[in-house]
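The numbers here are math on the coordinates, done by the rules we state, and not lab data. As the structure is a prediction and not an experimental result, all values here were calculated from the model. Ideal geometry is used to build each Cβ from the backbone, glycine not excepted, and the neighbour counts take in all protein chains shown.
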Amino acid sequence: MTSDDGLPDLMVGGDLLTGHPPADRPRRHGRVTLAVAAAAIGLALVGSFFLRQQRATDPVAARQVSAQETPAETPSTLAWLSALVARDGTSVTVYAGTSAECEELVQPQAAVVEQDDTRVVIAVKARTVSASDCTTSGGAIPLVVSLPEPLGDRVLRDAATAVPPPTYFERDLPGLSSDKRWSPHPGQWASTDDGWFQGYNGPGGSHLLAAARPTAEAGRPATVGTLTIGARKGVISGGAEGSWTLWWAAGEVTYSLRLTPAEGSTFTLAQFKREMGRLHWD
């Protein structure tokens, strides 16, 4: 480094010696102080810039901004598929879902929104989002609604469509919930299916499937026998090489019970009738 007069500056013992007279030192010291202050301000500005950049790219900060700036989506009123009325008539389970592929409902809720002497209107509300796991989405979700008084002869209607979806009644089924020989197990069907199903594990590894469907949609194999159940008469299909099914109608609904023996076992027609007769029919 050279001084203003072109002579080299010399470093001796930490002091910078130049060709300038001693009187020039205060002016150079002032220039050095200003340079240091300017550098400090520059570093502060650069640090502030990088801090803002880090906050903009930080996922936690981004989630906080998003949560503050994006309001929660309002639940929509959705159509429900079918309903099952409990034996006491005051509890109704409606089944809802989304027909879109790989979507699911968030916090679905069902409630009575209107009722009179002829109808009870139930609304299902939920938010629809992309499913976290498409392999487990698309199932019918049961939602229980309590009525202030028994449904009786009133019609259940859907608030979203104003029409009565298929409605099934436990009173038209045998009392399997009170039969200790049969244990219900969780099951699910497609959210586009307006039927109703419930499986039971039974004695010796046997399995019983209770089902209901609008009669107009029900398909029934050839009849191989008949059986009186309570006040109704049912027909039987199937065979000893597989399973037997008992069918009966109530109103516009067809109900069925399919009995499947344990693996490696069989039921004769007489055994099947005997098992059906042991159920609690109203």
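Here are a few things to note about the model shown:
- Summing +1 for each Lys or Arg and -1 for each Asp or Glu among the other residues whose beta-carbon sits under 13 angstrom from that of residue 109 gives +2.
- When the stretch 171-277 is reduced to its Cα atoms, the Kirkwood hydrodynamic radius in Å: 14.4
- The loop-placed GluC sites (Glu not before Pro) in the stretch 236-282, going by DSSP, that have at most 10 neighbouring Cβ atoms within 10 Å of their Cβ come out as 241, 252, 263.
- Test item: Cα-centred dipole of the stretch 171-277, Lys/Arg +1 and Asp/Glu -1 on Cβ, debye: 400
- For the stretch 82-167, GluC sites (Glu not before Pro) meeting the loop criterion (DSSP other than H, G, I, E, B) and having at most 16 other Cβ atoms within 10 Å: 101.
- Grouping the Cα pair distances of the stretch 140-222 into 5 Å bins from zero gives a pair-distance distribution of 3, 10, 17, 23, 20, 16, 7, 3, 1, 0 percent in increasing distance order.
- Positive-pole candidate from 106, 81, 92, dipole of the stretch 81-122, charges at beta carbon: 92
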